[in-house]
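Here's the structure, in C-alpha cells; my notes come after.
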Amino acid sequence: MELKIALLPGDGIGPEIVGEAVRVLDAVAARYGHTFTYEKALVGACAIDAVGDPYPAETHAVCCKSDAVLFGAIGDPKYDNDPNAKVRPEQGLLRMRKSLGLFANLRPLAVFDALADRSPLKTEIVKGADFLCVRELTGGMYFGRPQGRSEDGNTAYDTCVYTREEVERILHLAFKQAQARRKHLTVVDKANVIATSRLWRQIAKEMAPQYPDVELEFMFVDNAAMQIIQRPTHFDVIVTENLFGDILTDEASVISGSLGMLPSASVGAEVALFEPIHGSYPQAAGKNIANPMATILSAAMLLEHVGLRTEGKAVRDAVSKAIAEGIVTEDLANQGEKSYSTTQVGEFIAGAIE
Ligand code: IPM
Ligand code: MG
C-alpha cells in the first residue's frame, strides 16, 4: 500500500517522539512491502515563531492532501503564563481540529499487565481495565461564542453550545464503537445542571432503540470522575462532550501508569489524525528521554485505521515486547533499574518488527 503521511511534530518533545514513530513506520513498510512517504509541516509554538501563525495555511494544505496525519504535541511555557498573548499555540490545535472536521477523539485505555504495578492505583483495581473514551472534539465550550471579557476586564464568559447534529454524529460513532467491543456505553454528562447535557441525554435515549444490543447507561461527570478511579474495569465505551472528555482522559491516563503510553485518534471527515494524548513536556525537550510509546501506538492506530490490521498488531506486539524486556524510558523503569533513551526504545521496537 502507498500512504502519504503528514508529519506535524510540533513543539517540545514532539520532534523526538514523532521521529521514533517514523522509524517504526519505516520498519513496517520494509517488512510488509508498503511505501510510506512523509511530508513535514509546522504547527504550534514553532509555527508562531516561524511564520506568526500556529496553524499556517500551508500546514492545512499538507494535511488535506495526505492519507493521514501524525501529530506530536504543541505548547510552550513562554505562552502558558502570558494571559495577554494574542496568538497561542493551542489555537492552532483547535483550528486544525475544526478545519479538518475531526469531531471525534478516540482515546483507548488499556493496562499492560507488565505495567500494572506502575499505576498509582492498586494493582487489583487497575488490572484488566480496558475502555475507550470517545470525546467530542469540535463543539462545546471550546468553540462556543460569545467568549471573552467585558470592557472593564472584570467579567469573563464562555458559551457551551451543542446542536442536535453534533450530538447525533458523535453518539452514532460511540454506539458503533460499543457494538464492536463489549456492547456497553456510558454517556457522561451533567444533566442535573446544564442544558446541553440534557440535550445529549434526550438524544441518546431517542437513539438507543437503533442499537438494541448496546447497554446504555448515564452517569454524571462528577460521579464518573470517581468511578473511573474506583472501578475502571466497569467501563467499556465512555462518550462525553469536549471539556469533560479533556479532563476525564487525563484522569484516566494515570490508570495505565504513564501518560507516556496513551495514543489517540481524531476522526471525522476525510483525513484522520493520530497523536499521543500527552503534551509537549518542554522540560524534556532535546534530552532524548521522553517516552515515544504513545506516539508509536498512535502510529499503530493509524495503520489499523487504513486497514493494515496485521501491521498495527505487529507494532503493538513490538511495544509489548519492549515493555516485557524492560527496554523502557525512565518514566516506566523500576526504581534502581536501567532506563533507555527515546532513540534506544524506538530502535528496539523497530528492530522487533523487522
Ligand atoms: C488535549 C489537550 C488540548 C485540549 C489542549 C492542548 C488545547 O489538552 O488534546 O487534551 O484541551 O484539547
Ligand atoms: Mg487534555
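The values are calculated or read from the model by the stated rules, or taken from the named source; none is laboratory data. The model shown is predicted, which means the values in this text are computed figures rather than measured ones. Cβ sites come from the backbone with ideal geometry, for glycine too, and all protein chains shown count toward neighbours.
The single condition among (1) under 21 Å from the mean Cα position of the chain (by Cα); (2) away from ligand 1 (no atom under 16 Å from the Cβ); (3) more than 24 Å from Ala269 (Cα to Cα) that Asp117 does not satisfy is (1).
Number of residues in segment 222-250 that are more than 16 Å from ligand 1 (Cβ to nearest atom), outside any helix (DSSP H, G or I) and of a type outside the set (A, V, I, L, M): the value is 3.
Screening Asp76 against (1) more than 16 Å from ligand 1 (Cβ to nearest atom); (2) in contact with an Asp or Glu (Cβ under 6 Å, 6 or more places away or on another chain) leaves a single unmet condition, (1).
All of Gly92, Gly75, Gly101 fail the test of being modelled with pLDDT under 95, in a loop (DSSP other than H, G, I, E, B) and closer than 26 Å to Gly268 by Cα, apart from Gly75. Name every residue in segment 80-106 that is touching a helix residue (DSSP H, G or I) at 6+ places or on another chain (Cβ under 7 Å), within 16 Å of ligand 2 (Cβ to nearest atom) and farther than 22 Å from Ile170 by Cα, in order of residue number. Listed by number, the residues that qualify are Arg88, Pro89, Gly92. Restricting attention to segment 261-318, the residues that are acidic (Asp, Glu), within 16 Å of ligand 1 (Cβ to nearest atom) and part of a loop (DSSP other than H, G, I, E, B) add up to 0.
Yes/no matrix, rows are residues, columns are (1) more than 16 Å from ligand 2 (Cβ to nearest atom); (2) in contact (Cβ under 8 Å) with a residue 12 or more places away in the chain; (3) under 23 Å from Phe103 (Cβ atoms); (4) hydrophobic (A, V, I, L, M, F, W, C):
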site: Met219; (1), (2), (3), (4): yes, yes, yes, yes
site: Gln227; (1), (2), (3), (4): yes, no, no, no
site: Val239; (1), (2), (3), (4): yes, yes, yes, yes
site: Ile247; (1), (2), (3), (4): no, yes, yes, yes
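Of all residues in segment 19-49, those satisfying the criterion of being in contact with a strand residue (DSSP E or B) (Cβ under 7 Å, 6 or more places away or on another chain) and of a type in the set (Phe, Trp, Tyr) are Phe36, Tyr38.
Looking at (1) under 20 Å from the mean Cα position of the chain (by Cα); (2) more than 30 Å from Gly139 (Cα to Cα), can you tell me which one Ile289 breaks? Ile289 satisfies all of (1) under 20 Å from the mean Cα position of the chain (by Cα); (2) more than 30 Å from Gly139 (Cα to Cα) except (1).
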